[in-house]
Structure formats: C-alpha cells, structure tokens
1. Which one is nearest to the ligand (Cβ to nearest atom), of the residues in region 50-62 that are over 17 Å from Ser8 (Cβ atoms) and either surrounded by 13 or more Cβ atoms within 10 Å (Cβ to Cβ) or at pLDDT below 95 (or both)?
2. For region 54-86, give me the residue count where each residue is in contact (Cβ under 8 Å) with a residue 24 or more places away in the chain and outside any loop (DSSP other than H, G, I, E, B).
3. Take the residues of region 111-128 that are part of a helix (DSSP H, G or I) and charged (D, E, K, R): which is surrounded by the fewest Cβ atoms within 10 Å (Cβ to Cβ)?
4. I need a count of the residues in region 64-92 that are within 12 Å of the ligand (Cβ to nearest atom) and surrounded by fewer than 17 Cβ atoms within 10 Å (Cβ to Cβ).
5. Condition (residue is farther than 18 Å from Gln127 by Cα and assigned to a helix (DSSP H, G or I)) applied to region 35-43: is it met by at least one residue?
6. Are any residues in region 90-110 part of a loop (DSSP other than H, G, I, E, B), without any contact (Cβ under 8 Å) to a residue 24 or more places away in the chain and more than 14 Å from the chain's Cα centre (by Cα), and if so, which ones?
7. Look at region 1-45 and say how many of its residues are surrounded by 17 or more Cβ atoms within 10 Å (Cβ to Cβ) and either of a type in the set (Ser, Thr, Tyr) or within 16 Å of the ligand (Cβ to nearest atom) (or both).
8. Is it fair to say Ala105 is small (Gly, Ala, Ser), away from the ligand (no atom under 13 Å from the Cβ) and crowded, with 19+ Cβ neighbours inside 10 Å?
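The values are calculated or read from the model by the stated rules, or taken from the named source; none is laboratory data. The structure displayed is predicted, hence computed values, not measured ones. Counting neighbours? That spans all protein chains shown, and the Cβs are built from the backbone with ideal geometry, glycine included.
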Amino acid sequence: MTQQRTLSILKPDATRRNLTGKINSLIEGAGLKIVAQKRLHLSKQQAEAFYAVHKERPFFGELVDFMISGPVVVQVLEGENAVQKNRDIMGATDPKKAEPHTIRAQFAESIEANSVHGSDSLENAKQEISFFFAGIEILP
Ligand code: CMP
C-alpha cells in the first residue's frame with residue numbers, strides 16, 4: 001500500500017459551470033481524500049510559472065490565457081497510488097479520447113478547457129504541491 005499525494009486543479013471551465021462539487025464527489029468516491037483546497041485566480045506570471053514545462057509548446061499562450069480566464073480550485077489529494085488513481089479518474093487529456101465515466105469524458109469542453117489537471121508523476125506532484133501549498137496548509 002503506497003500512500004501518495006498529488007496536485008489537482010479544477011480549471012476555469014469547471015468553476016464557471018459550478019461543477020466543483022460534482023468533481024469533488026468523483027474524487028472522493030474514488031477513495032482519494034482532499035487534504036488541502038483553495039480557490040484562487042491565478043496571475044499570468046503564476047500560470048506561466050506553473051506550466052513552464054510546456055513553454056515551447058504551440059498551445060502555451062492559449063493554455064495560460066485559459067488558466068487565468070477565471071478562478072481555479074487547487075487541491076492536494078491523498079490516498080493509495082494517488083498520482084495514477086487521479087489520472088485514471090480524470091481520463092485522457094483530450095475528452096474525445098477519455099474513457100466513459102471519467103471526469104473529462106463527463107465534463108470537459110475541449111482539450112484546452114478540460115476541467116481538471118493532475119500531476120503526472122510523484123516527483124512532479126511534490127513540486128506542484130509546493131508551488132501552491134505550505135506544509136501547514138495540508139491537513140490529512
Ligand atoms: P494539463 O493536464 O493541465 O496539462 C497541460 C495542458 O495543456 C493540458 O492539460 C491541456 O488542457 C492543455 N492543452 C491545450 N492544447 C493541448 C494540446 N494540443 N495537447 C496537449 N495539451 C493541450
């Protein structure tokens with residue numbers, strides 16, 4: 001049994017459509033515990049820094065503009081194999097390719113407005129969690 005933490009973001013398309021409760025219900029239903037959570041409106045500088053790994057990609061500018069188009073909810077999820085489990089319940093980046101019943105299959109509007117972000121490795125999870133949260137804000 002490997003207890004892990006991962007970073008989750010409910011994106012502006014989800015907050016705009018008042019879907020945070022429905023998405024949190026799917027997260028908790030999968031056995032993940034929300035051990036930290038806050039609603040933020042990212043600055044351009046913060047969004048660029050968070051997604052710096054994608055800065056050479058052709059969609060970087062649009063991704064940043066979308067992520068600052070409204071509030072987001074940033075969360076730390078904890079549970080057994082939390083990194084992979086969260087990616088499984090999110091579904092594929094492109095909602096057209098996402099398995100039925102996943103968050104993106106149910107809620108995403110497009111590959112860009114795809115409702116949720118989740119860390120893709122344990123190493124990135126640690127970095128992404130520390131980008132948004134101090135240890136004192138994480139309450140198992
Ligand atoms: P996310 O998991 O937040 O990580 C990077 C994001 O870039 C991704 O989800 C998508 O929402 C967004 N994105 C926009 N266009 C593309 C694309 N063509 N390929 C991959 N990701 C894209």
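1. His54
2. 17
3. Per the criteria, the residue is Glu123.
4. Residues that pass the stated criteria total 2.
5. So far as region 35-43 goes, no, none of its residues is farther than 18 Å from Gln127 by Cα and assigned to a helix (DSSP H, G or I).
6. Step one: list which residues in region 90-110 are part of a loop (DSSP other than H, G, I, E, B), which gives 91-94, 98-102, 108-110.
With the extra rule that they be without any contact (Cβ under 8 Å) to a residue 24 or more places away in the chain, the set shrinks to 91-94, 98-102, 110.
Hits for region 90-110 are Asp94, Ala98, Glu99, Pro100, His101, Ser110.
7. Matching residues across region 1-45 total 15.
8. Details: small (Gly, Ala, Ser): yes; away from the ligand (no atom under 13 Å from the Cβ): yes; crowded, with 19+ Cβ neighbours inside 10 Å: no.
Here the answer is no, as Ala105 does not meet what is asked.
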